[in-house]
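Report on the structure given below.
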Amino acid sequence: MTAVAEAARAYSGVERAAVLMMLVGEEEAAAILQKLDPDEVRELGKAMYSIADVSENDVGAVLDNFVGCARARTSIAFQPKPLVENLMNRALGPERADSVLSRIVPPEAQCEIEMLDWLDASDIAKIVEKEHPQIGAVLIANCDPGVAGQVLELLPDAMQPDILHRVARLGPVTPQAIETLNAILTRRATGGGGGGGGAGNGLTMGGSREAAKILSSARKSTEQRVMPKLFKIDRDVAKQIEEALFIFDNLLEMDDKNLGALIRNVDGEVLIRSLKGADEAARERFLACMSARAAAGIRDEIDSRGPMKLSEVLEAQKAMIAVARNLAKEGTIMMGGGEDDYV
């Protein structure tokens, strides 16, 4: 095996990219960096420092690898959107497909608030605090849920329920409005002033699920403080967020003692329907918290049932979650395992 081939193995993908960046001119390298995401820019920048002592053999190996990859690329392309949408609808049904697609379909370029990717949570919180709450809601809804949760915590306590309520009630946001928000964000980030809005068809943001994701990314103490205030602002929206905060799979996070207590407080028919729609691993997790005789009876009952409507399963699981929340509020069980979890 040649020395060149051996050298190629010592470099990761990002390091090989860094070598190539050091070989092209500054103008070309800058043009490439402009097309990368912030995380990619940081990773590539670090790698460019780390390969400062690259040898001639190493450069040759990287170039050989690049040429090989380039030759392997194909010019065949297709439009994925119709295919993915059809597959999702056939596999999951319209309701679940819409939920999944809303999280995986890339937004149109004109509907991205690109500046957010370059700011940390504290910078975004300062901007949100100075803007109209509706603008703040759009900015937070456009953040990654983890970052959005941090931003929410950094806002004044009095603002948090209103902002979260607006996130849950967000609908279409026009491309013109997104352009305006980008301008506002750029000016604020560089010390300038604010801006206005627009009209027309655009990107749909927010919703109770998105609000719940943001709230669940914040500390539990934030949830406990914000939710009662949100119920006073809009009970229906607060209830939707509360339901979205906790799903059936979260029940599996309870320890055996608490899960067993929940099972004993759930109607047998509700338990059977809930487990009928659960996967085998989840079903066994529940049954393991029961006596051998009771678990065998539930298994027999599930096996004897014919096909069950998805709506019936979801309704039963929703009822089971409601029982769990009530028991947790009463202090009968503890949901979750962290020291800051909801009890």
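Quick notes
- Label-point gap, in nm, between residue 50 and residue 179 - each point 7 angstrom along Cα→Cβ: 4.1
- In this structure, residue 292 and residue 26 have a Cβ-Cβ separation that, at R0 = 51 Å, corresponds to a calculated FRET efficiency of about 0.10.
- FRET E, pair residue 120, residue 34, Förster distance 22 Å, beta-carbon r, rounded to 0.05: 0.60
- Legend: ranking of residues 186, 180, 222 from fewest to most surrounding C-beta atoms inside 10 Å; resulting order 186, 180, 222.
- In the structure shown, the pairs 130/213; 232/318; 276/318; 220/276; 220/329 are assessed against 22 Å; a Cα-Cα span above that value is assigned to 130/213; 232/318; 220/276.
- Among 153, 40, 330, sorting on how many other beta-carbon atoms sit within 10 Å of each Cβ, with the fewest leading, yields 330, 40, 153.
- Each residue, residue 311 and residue 239, gets one label point 7 Å from its Cα in the Cβ direction; the gap between the two is 1.9 nm.
- Of the trypsin sites (Lys or Arg not before Pro) found in the range 23-70, those that fall in a DSSP loop while having at most 13 other beta-carbon atoms within 10 Å are 35.
- Net charge over other residues, Cβ less than 9 angstrom from the Cβ of residue 231 (K, R count +1; D, E count -1): +2
Read the figures in this text as sums done on the coordinates, not as results from a lab. Bear in mind the structure is a predicted one, so any value in this text is a computation, not a measurement. Every residue, glycine as well, gets a Cβ built from its backbone with ideal geometry; the counts of neighbours run over all protein chains shown.
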